[in-house]
Amino acid sequence: MQTTTEDDSIQNKPENNSGWGEGARFLLTAACAIIVLFGLKEARDMLLPIVMAIFLAVISYTVTALLRHLLRFPHWLAVFFTVVVDAGIIYAAGSLIRVLASDMQATLEGDFMVKMLDKYEAIMGFLTDWGYGELAQQFIQNPREFISPKLILSASQALGGQVIAMTSVTTLVLVLMTFLLGEAPLFMRNFRSMPNSGKGKDKVISALKGIQRYLFIKTVASATTGLLAWWLCHLMKVPFAFLWGVVAFLLNYIPTIGSIVAAIPPILLALVMGSLGDALVVSAGYVFINFMIGNGVEPLFLGKQFGIATSVVLLSVILWGWVWGPCGMLLAVPITVMIKLALENSHDLAWVATLIDDNAKPSSEDIKDNKFNS
């Protein structure tokens, strides 16, 4: 009997050790991930231009390939033309935002402050009649405390400084993108000659093509969103309608959060410069536009090609926004796709890719549970 007991204890030891090893490995992996994220955050100034250059190169390579095959451009000329077009779009957008921001400053210091004070007095009078005047004054005693000409001036100056700083960074990004586009055929030849499984290479190429398709369709959808937002604001006489169209176009690249943030300024302006009814109409218009584009047009053309759960996309936007700011939010989906691809080809972490997959087939247990619940 003693021999049997000792044998049983010996057989149980490897199971306990293996269980502890898996737990320790998970904790070590989580700790490494946290360290890497903090390292990426600290190295933001160095890494972000490189990642943005790769991002733009992946987007623009389709244009370069079309110029080479359709118009028979030499590779260097196709790359030069692509970079010039990208630079023109980026610098034109930055200059336009800076000009519109300075015009906004003049308007906010004038009619906006007067109408906002009148609206404040009307709202406070309404709340006082209902007995909530003292409670409201505890939160906002004077609207000039949070919106003042000095605050507007400092915000405009800060925006101008950011535009100038982004201009210098954009120059570096364009230079890096030029070299990446110029050597793209070399990278593809080297990639195909790598001693790796053909299935893994096919997954990488498929992911890159999927990102290109995603960004192209997202650009068309964002442009449509911007045009509709401009038309809505122009129809409702919201000040700076063109600016809000540009903002809606840019922020639509950020899933879920971007469309919400883009709608807040025009709704507030409609409330202050117009009436509560105008603000409700603008709100309903933005909800309809984002619902039609985000839940109708984009899924129709994109489908579920990336296989990432919606909640994971939202969490990745928040995470990469914390790491790299607005540019991180813009790059959240492509980065998450590449991370998921790397996890799928990892023996130890493939379960994470399965966990966040949105295209996973239901198991027999899921089918039984659905039948039981129905």
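With Rg and the Kirkwood Rh both taken from Cα atoms, where does Rg over Rh land for the stretch 228-321? Could you put the intermediate results ahead of the total?
Details: Rg = 14.5 Å, Rh = 14.1 Å.
Here Rg/Rh amounts to 1.03.
My understanding is that a pair violates if its Cα-Cα distance is over 30 Å; which of LYS218/LYS340; LYS41/LYS203; LYS41/LYS218; LYS41/LYS237 do that in this structure?
Table pairs above 30 Å Cα-Cα are LYS41/LYS237.
Please work out how much accessible surface HIS69 shows to a 1.4 Å probe, ignoring ligands, DNA and RNA, in Å² rounded to 10.
120 Å²
Tell me which trypsin sites (Lys or Arg not before Pro) from the stretch 210-269 have a DSSP coil assignment and no more than 14 other beta carbons within 10 Å of their own.
Those satisfying the criteria are LYS237.
Need one value: the accessible area of MET236 in square angstrom, 1.4 angstrom probe, rounded to the nearest 10.
We get 50 Å² for MET236.
Highest mean first, what order results for 316-327, 87-98, 27-38 on Cβ atoms within 10 Å?
Result, highest mean Cβ count within 10 Å first: 316-327, 87-98, 27-38.
Largest first, how would ILE289, ILE339 line up by accessible area (1.4 Å probe)?
The most accessible residue leads, giving ILE339, ILE289.
What order do ASP357, ASP129 take when sorted by accessible area (1.4 Å probe), most exposed first?
So the residues, ranked largest to smallest area, are ASP129, ASP357.
Can you list the HN-Hα couplings for the stretch 33-41, worked out from phi with the Karplus curve (6.51, -1.76, 1.60; θ = phi - 60°), rounded to whole Hz and with x for Gly and Pro?
The phi angles translate into 4, 5, 4, 5, 4, 5, x, 5, 5 Hz.
Tell me, in nm to one decimal, what length is gained between HIS75 and GLU121 on full extension, where the rule is 0.36 nm per residue of separation less the Cα-Cα distance?
Answer, rounded to one decimal: 10.1 nm.
Using a 7 Å offset from the Cα along the Cα-to-Cβ direction at both VAL114 and LYS209, what is the distance between the two label points in nm, to one decimal?
Here the modelled spin labels are 6.1 nm apart.
Order GLU344, GLU121, GLU42, GLU298, most accessible first, counting only protein heavy atoms with a 1.4 angstrom probe.
The most accessible residue leads, giving GLU42, GLU121, GLU344, GLU298.
Out of residues 5 or more away from ILE308 or on other chains, whose amide H comes under 5 Å of its own, with H placed 1.01 Å from N in the peptide plane?
For ILE308, whose amide H was placed from the backbone, the distant partners under 5 Å are ASP358.
Quick one: what are the phi-derived ³J(HN,Hα) couplings along the stretch 238-246, Karplus 6.51/-1.76/1.60 with θ = phi - 60°, whole Hz, x for glycine and proline?
With the stated coefficients, the stretch 238-246 comes to 7, x, 6, 4, 5, 4, 5, x, 5 Hz.
What list of ³J(HN,Hα) values in whole Hz, one per residue of the stretch 266-283 in order, does the Karplus curve 6.51 cos²θ - 1.76 cosθ + 1.60 (θ = phi - 60°) give from phi, with Gly and Pro shown as x?
Each residue's phi maps through the Karplus curve to give x, 5, 5, 5, 5, 5, 6, 7, x, 9, 5, x, 4, 5, 5, 5, 5, 4 Hz.
Can you figure out the FRET efficiency of ASP202 with ALA284, using R₀ = 35 Å and their beta-carbon distance, to the nearest 0.05?
0.15
Multiplying the sequence separation of VAL169 and LEU349 by 0.36 nm and subtracting their Cα-Cα distance, what value in nm do you get?
Full extension from VAL169 to LEU349 adds 61.3 nm.
If contacts are Cα pairs under 8 angstrom and at least 6 residues apart, what is the relative contact order of the stretch 219-345 in percent?
Numbers: 122 pairs, mean separation 25.0, N = 127.
Worked out over the stretch 219-345, it gives 20 percent.
What does the highest-first list of 238-245, 181-188 look like by mean Cβ count within 10 Å?
Descending mean neighbour count gives 238-245, 181-188.
The values are calculated or read from the model by the stated rules, or taken from the named source; none is laboratory data. Please read all numbers here as calculations on a predicted model, not as lab measurements. All Cβ positions, even for glycine, are placed from backbone atoms using ideal geometry, and neighbour counts span all protein chains on display. The protein model used for the area step is the full one, side chains on, heavy atoms only, and it has no ligands, DNA or RNA in it. Shrake-Rupley method; radii C 1.70, N 1.55, O 1.52, S 1.80 Å.
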